[in-house]
Amino acid sequence: MGDTDKAGIVYYPNYFKWFDIAGHQFFRSCDLAPSKLEAERQIIVPLLDARCSFEKPLLYDDVITIQTTVEEINNKTIKLRHEVYNGDVRTGHGYELRGWVNQTADQIKAVPIPADVIAILNEDIQSDQRQSRTPFNA
């Protein structure tokens, strides 16, 4: 499948690709880059669930921005909310639920999110200052 359908409207799976990129960029903006988490803490943040609601069509050359925020933090999961904009118009929104998972040579296992990470992510929830706005070309 391509990036658009026959009418030039962006093919819906692209939203999930953009969510993934925006989520990784969000973690980088919090100094929690996935590569750093893996190297320093043996932690990966795999996708457990995702959802998207589509509100307006996007066309091939539209320039979009994805706004990403922390929606919820649980013991072993983080829920990121993504909103997709074409200019000032929201074209879709959704979420990613990611696990906090320890990866060793022998196993992968969900583990509690440490207090220092919760503090960083709670700053985002309370202050809304660390919104990650990731630009893309549709």
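The values are calculated or read from the model by the stated rules, or taken from the named source; none is laboratory data. These numbers were taken from a predicted model, which means no experiment stands behind them. Note that we place each Cβ from the backbone using ideal geometry, even for glycine, and neighbour counts take in every protein chain shown.
Which ranges mark the strands (runs of 3 or more DSSP E) fully within the range 26-125 that have 3 or more residues being of a type in the set (Val, Ile, Thr)?
63-73, 77-86
Check Tyr85, Tyr95, Tyr15, Tyr11 and return the single one that is in contact (Cβ under 8 Å) with a residue 40 or more places away in the chain, farther than 26 Å from Ile118 by Cα and aromatic (Phe, Trp, Tyr).
Criteria check complete, one pass: Tyr15.
Among what's in the range 76-134 and is β-branched (Val, Ile, Thr) and more than 19 Å from Ala22 (Cα to Cα), pick the residue that is modelled with the lowest pLDDT.
Thr104
Could you say whether any residue in the range 66-74 is in contact with a strand residue (DSSP E or B) (Cβ under 8 Å, 6 or more places away or on another chain), without any contact (Cβ under 8 Å) to a residue 12 or more places away in the chain and closer than 23 Å to Trp100 by Cβ?
Yes, there is a match, as at least one residue in the range 66-74 is in contact with a strand residue (DSSP E or B) (Cβ under 8 Å, 6 or more places away or on another chain), without any contact (Cβ under 8 Å) to a residue 12 or more places away in the chain and closer than 23 Å to Trp100 by Cβ.
Could you list, in sequence order, all residues of the range 28-69 that are in contact with a helix residue (DSSP H, G or I) (Cβ under 6 Å, 6 or more places away or on another chain) and either loosely packed, with under 15 Cβ neighbours inside 10 Å or polar (S, T, N, Q) (or both)?
If the condition is that a residue be in contact with a helix residue (DSSP H, G or I) (Cβ under 6 Å, 6 or more places away or on another chain) and either loosely packed, with under 15 Cβ neighbours inside 10 Å or polar (S, T, N, Q) (or both), then Thr68 is the only one that fits.
So which residues in the range 1-25 are surrounded by 15 or more Cβ atoms within 10 Å (Cβ to Cβ), hydroxyl-bearing (Ser, Thr, Tyr) and either outside any strand (DSSP E or B) or under 12 Å from the mean Cα position of the chain (by Cα) (or both)?
If the condition is that a residue be surrounded by 15 or more Cβ atoms within 10 Å (Cβ to Cβ), hydroxyl-bearing (Ser, Thr, Tyr) and either outside any strand (DSSP E or B) or under 12 Å from the mean Cα position of the chain (by Cα) (or both), then Tyr15 is the only one that fits.
Out of everything in the range 70-110 that is of a type in the set (Val, Ile, Thr) and touching a helix residue (DSSP H, G or I) at 6+ places or on another chain (Cβ under 8 Å), what residue ends up being surrounded by the fewest Cβ atoms within 10 Å (Cβ to Cβ)?
Ile73
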